[in-house]
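In what follows, a single structure is set out as structure tokens and then discussed.
Values quoted throughout were computed directly from the atomic coordinates according to the rules given, and no laboratory measurement underlies them. Computed from a predicted structure; not experimentally measured. Cβ: placed from backbone, ideal geometry, glycine included. Neighbour counts: every protein chain shown.
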Ligand code: NAD
Ligand code: 0WE
């Protein structure tokens, strides 16, 4: 029996087979979790329904996290199928494309800043609040996805770095708030992975090649590796872990001078 047997988990952020959310959902399914998925818009509906089927689920719901109504409706609808919820996986982020290309001080705008923080950080606590009743008293777990740009600078990540810093602080405050109702809150901080969200990014190929040369494990991480760590954090195997940001990055974050040999 898998280590998530009997757990009911809601996963947000599946957009393609390359999505980190897909790696997480697959790992959780493999460990026996029952899944529900959301899709951002009608364009993604059919595709997400197909993914759900492949993981033995017929529970899919719309949820654009910029809408309070859609967030509330999501948990109303989910409550019609499940009498409780053991996990929420938040695997989404967004900043307007023009904020992620060019010098930070030059390209950052009030509106881009607001959008990045609203979608990439605020939405995590909004989901926790709306899902609180369904999750109460069940050794539940909330999980989100961060990136090293929260604590180090790199070209072009720009306002997304601030949004991830906010998200990581959100993990700690949510963990402190929800601990007494038995809910743990953690993040996986993943190394760079080629997904839809990465596809438009300038020099992403170069970043992956650099990363592969510089990490202690001399590789880029996969959505399967991130998925397995995420499945662990949402399971009772991680019952003592909350407020944690777990690096799944082949060790990149521990290096400074990196690898000068090749
Ligand atoms: P992806 O494009 O596959 O997933 C991004 C998801 O965000 C999509 O499913 C999209 O529908 C969703 N989304 C965007 N705006 C939304 C909104 N308003 N409402 C609802 N959903 C919305 O890309 P990914 O790389 O799998 O990204 C998933 C998470 O992983 C993000 O938080 C990202 O910051 C994080 N992350 C990615 C990498 C990487 O290198 N790819 C590394 C570390 C962390
Ligand atoms: O968090 C991310 C990407 C998040 C993201 C991606 C996009 C592209 C399309 C947020 N918003 C948008 N908006 C769009 O219009 N990552 C960790 C992947 C990533 O993105 C980068 C990176 C890395 C790594 C951007 C610049 C530099 C490095």
Among helices (runs of 4 or more DSSP H) entirely within region 136-252, at least 2 residues that are more than 10 Å from ligand 2 (Cβ to nearest atom) and surrounded by fewer than 16 Cβ atoms within 10 Å (Cβ to Cβ) occur in 159-178, 204-214
Out of (1) farther than 30 Å from residue 255 by Cα; (2) within 11 Å of ligand 1 (Cβ to nearest atom); (3) outside any helix (DSSP H, G or I); (4) touching a residue at least 60 places away in the same chain (Cβ under 8 Å), the one residue 127 does not meet is (3)
Considering residues that are in contact (Cβ under 8 Å) with a residue 60 or more places away in the chain and farther than 24 Å from residue 260 by Cβ, the number found within region 186-224 is 15
| task | State whether one or more residues within region 67-87 are touching a residue at least 40 places away in the same chain (Cβ under 8 Å), within 16 Å of ligand 2 (Cβ to nearest atom), in contact with a strand residue (DSSP E or B) (Cβ under 9 Å, 6 or more places away or on another chain) and within 29 Å of residue 181 (Cβ to Cβ). | result | no
By my count, strands (runs of 3 or more DSSP E) wholly in region 7-101 with at least 2 residues that are within 23 Å of residue 225 (Cα to Cα) and more than 11 Å from ligand 1 (Cβ to nearest atom) are 8-12, 34-39, 87-90
Of those in region 36-58 that are free of Cβ contacts under 8 Å to residues at least 12 places away in the same chain and in contact with a helix residue (DSSP H, G or I) (Cβ under 9 Å, 6 or more places away or on another chain), the residue surrounded by the most Cβ atoms within 10 Å (Cβ to Cβ) is 54
Those residues of region 21-35 which are under 18 Å from residue 50 (Cβ atoms) and crowded, with 23+ Cβ neighbours inside 10 Å amount to 21, 22, 23, 24, 25, 28, 35
Going through (1) more than 9 Å from ligand 2 (Cβ to nearest atom); (2) under 20 Å from the mean Cα position of the chain (by Cα); (3) closer than 23 Å to residue 196 by Cα one by one, residue 108 fails only at (2)
* Has region 103-118 got at least one residue that is touching a residue at least 40 places away in the same chain (Cβ under 8 Å), farther than 30 Å from residue 240 by Cα and surrounded by fewer than 16 Cβ atoms within 10 Å (Cβ to Cβ)? -> yes
